[in-house]
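Encoded as structure tokens, the structure appears first; notes follow it.
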Amino acid sequence: QVQLVESGGGLVQAGGSLRLSCVASGLTGSTIIMGWFRQPPGKEREFVAGIRWSGGATYFGDFVEGRFSITKDNLKNTVYLQMMSLKPEDTAVYYCAADDGVVFTKFPYEYEYWGQGTQVTVSP
């Protein structure tokens, strides 16, 4: 049984930083891609960042502009999203997801497994 558990969300002022964590269990396979998505209020879910579990290749949404980084700790089965220079428009529920596919995708419907989400609120 696959489980993804996010943590690290909260309230932060504009310009601040947060680090989100996603602990994964039950995942198998050598082509797993771990992704972070976000869903702002009233908007669709969008891709933020992704990382290959094997090899560590990373991918980012266009809006990131170097402000976010994604890393993993294989021993802890954990993926991190480090967010810096946060803006009010980064306010959203952030989700961790996993895709067992060979080809990277940024589309939420391609990801098979999802965490429950963690709220990030950036105040002006």
Take the conditions open to solvent by 30 Å² or more (accessible area, probe 1.4 Å), in a loop (DSSP other than H, G, I, E, B), without any contact (Cβ under 8 Å) to a residue 40 or more places away in the chain and closer than 22 Å to VAL122 by Cβ and apply them to GLY55. Does it pass?
no
How about the stretch 58-82: which of its residues are open to solvent by 60 Å² or more (accessible area, probe 1.4 Å), under 19 Å from THR118 (Cα atoms) and β-branched (Val, Ile, Thr)?
THR71
For the stretch 1-52, the count of residues that are closer than 22 Å to ASP100 by Cα, open to solvent by 30 Å² or more (accessible area, probe 1.4 Å) and aliphatic (A, V, I, L, M) equals 4
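The values are calculated or read from the model by the stated rules, or taken from the named source; none is laboratory data. Worth saying up front: this structure is predicted, and the values here are computed from it rather than measured. No Cβ is skipped: glycine too gets one built from the backbone with ideal geometry, and neighbour counts run over all protein chains shown. Heads up: the accessible areas ignore ligands, DNA and RNA and are worked out on the full protein's heavy atoms, side chains in. Shrake-Rupley method; radii C 1.70, N 1.55, O 1.52, S 1.80 Å.
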